[in-house]
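The values are calculated or read from the model by the stated rules, or taken from the named source; none is laboratory data. Treat the numbers as computed from the prediction; the structure is a model and nothing was measured. In this analysis, Cβ positions are derived from the backbone assuming ideal geometry, glycine residues included, and neighbour counts consider all displayed protein chains.
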Amino acid sequence: MWRCSRPVPVALRRLSGRSAELRAWRWGSTTACERALQYRVGEKMHGYTVSQVTPVPELFLTAVKLDHDGTGARHLHLAREDSNNLFSVQFRTTPMDSTGVPHILEHTVLCGSQKYPCRDPFFKMLNRSLSTFMNAFTASDYTMYPFSTQNPKDFQNLLSVYLDAAFFPCLRELDFWQEGWRLEHEDPTDPKTALVFKGVVFNEMKGAFADSERVFSQHLQNQLLPDHTYAAVSGGAPLCIPDLTWEQLREFHAKHYHPSNARFLTYGNFPLEEHLRQIHEEALSKFQRIEPNTAVPPQQRWEMPREHHVHCAPDALAAGSPRQTTVSVSFLLPDITDTAEAFALTLLSTLLVSGPSAPFYKALIESGLGSDFSPDVGYNGHTRDAYFSVGLQGVAEADVARVRDIIDRTLDDVIANGFEDDQIEALLHKIEIRMKHQSVSFGLALASHSRTSTRPSSPCSPWWTHPWRPRTKAWTTSSTASRTRWGRRSGSSSLLCTAGCSSTWPTGT
């Protein structure tokens, strides 16, 4: 939209107009960014110490990083002249089994807390609050609780509900049965009917695993990253969910939902001091620092490539067709906390697979060997060690080797010839425009992009503060492509994953 070439406060005053001046008068200062720039490293307030203050003129915000003295909790405040303020608390949740404990816990903590013991206060707030967003998410290695609102009093009310739910939930056994799993008669009013498994999360995951693409993507991650938490199904595998007990759920909460394992994020033009005061008084002051030991170690690289096959039911929409196989080749890539490398690999992935002019689209889709790209195609940075996958679905079993050969040849061709300068320039321009697009949920987008701050090796530094920029177009292509080629040529941490209904496939090698 526009680019700020002057110091942040001047540009914001000029662009925001009288509405920004009125808001600034209301809070007794000029703008949110100017207030944030007044903080000094080492300054203490409400149990926190400021560790970094960074203006980000490209996004018209100022980032303030703080550490809580008593618990070690980290807080990132993004001051921006935006009335749609956001709060988020994230926990590193690293299950070592597929019982779905982080997913069930996400549901259960919202069923009542010490201060709000009523039934489902979260859903009651949906009707009473002025919020623009309320939700919770469970990922492979973290759980996130965000909300946004434009009203200061509503922000305080929601913050109180979220803090009490996260740190002081009731975790009643009845709620565990409701949200997790239970045995119940098929007809609850008729004790003569058969006993069946029920539960909100149990039924949700049954539906998720009925999707063959979801099953394929889950197996791909489990097999490519088998040494730690990514080998488990964080949402819960239906056959494993009934192994979880109420006591195990409570133990998981005590370990993972602790301020020492938490990352807070606030965004918008509300005063930071009020956020810190409320968080400290209502939650953090009641805890002592611990060592949660939830770090996810890097995946050890393999010496030889591996293969894995997923047996699944035939496609009901293509009954009788011999083209029932999905095949994908995946390469393990560097740690996502290397933001420069992650950005370059994202560029490369987009150039390789996006659009009808992309090399893999021409080589795979136009070959006629399959109906579409395989699930989870492209760069995936949702795990500590990123990976790149490409393949086809709707493939005949006899053509699997041909698909693998096409992938190898396409990579060799890209490494040898690279991309046109115009393609790279157009992609960089598209990314820059997308980054500057100020949607209503801009704060939520920043929170999602900042989730890597929950990774153990990250110092909670925002991804946009990296001083790196693409040095040359040739570097963007050749450097990252060479890394992909190194992984393939050496046979290190590459996986051929196939899915189909044939009984002739091995289960894995």
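For this structure, a couple of remarks:
- Selection status of Ser389, surrounded by fewer than 20 Cβ atoms within 10 Å (Cβ to Cβ), touching a strand residue (DSSP E or B) at 6+ places or on another chain (Cβ under 8 Å) and in the same structural domain as Phe360 (by TED's automatic domain parsing): no
- Which listed residue, of Asp164, Asp227, is of a type in the set (Asp, Glu) and under 30 Å from Ser113 (Cβ atoms): Asp164
- Residue that is surrounded by fewer than 22 Cβ atoms within 10 Å (Cβ to Cβ) and at pLDDT 95 or above, where the choices are Gln248, Gln300: Gln248
A quick yes/no check of all residues on (1) in a helix (DSSP H, G or I); (2) touching a helix residue (DSSP H, G or I) at 6+ places or on another chain (Cβ under 9 Å); (3) more than 27 Å from Val327 (Cβ to Cβ); (4) modelled with pLDDT under 90:
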position	(1), (2), (3), (4)
Ser389	no, yes, no, no
Arg402	yes, yes, no, no
Thr410	yes, yes, no, no
Asp413	yes, yes, no, no
Glu425	yes, yes, yes, no
Val440	no, no, yes, yes
Ser450	yes, yes, yes, yes
Pro456	no, no, yes, yes
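- Each residue in the stretch 36-70 was checked for being on the phi > 0 side of the Ramachandran plot and not in a loop (DSSP other than H, G, I, E, B), and 0 of them qualify.
- Contacts under 7 angstrom Cβ, first residue in the stretch 75-103 being free of Cβ contacts under 8 Å to residues at least 40 places away in the same chain, partner surrounded by fewer than 24 Cβ atoms within 10 Å (Cβ to Cβ) and acidic (Asp, Glu), 6 or more apart: none
- Val201 modelled with pLDDT of 95 or more, among the aliphatic types (A, V, I, L, M), over 22 Å from the mean Cα position of the chain (by Cα) and closer than 22 Å to Leu244 by Cβ: no
- Among residues of the stretch 402-449, those that are surrounded by 11 or more Cβ atoms within 10 Å (Cβ to Cβ) and closer than 30 Å to Val89 by Cα, counted: 15
- For Thr350, the criteria (1) of a type in the set (Ser, Thr, Tyr); (2) within 26 Å of the chain's Cα centre (by Cα); (3) in a loop (DSSP other than H, G, I, E, B) hold in every case but one, which is (3).
- Test: residue in the stretch 343-350 that is farther than 18 Å from Ile415 by Cβ, assigned by TED's automatic domain parsing to the domain that holds Ile431 and surrounded by fewer than 17 Cβ atoms within 10 Å (Cβ to Cβ): no
- Filter result for Val233 (among the aliphatic types (A, V, I, L, M) and either surrounded by fewer than 22 Cβ atoms within 10 Å (Cβ to Cβ) or not in a helix (DSSP H, G or I) (or both)): yes
- Residues being of a type in the set (S, T, N, Q) and either free of Cβ contacts under 8 Å to residues at least 12 places away in the same chain or under 13 Å from Thr326 (Cα atoms) (or both) - total across the stretch 358-379: 2
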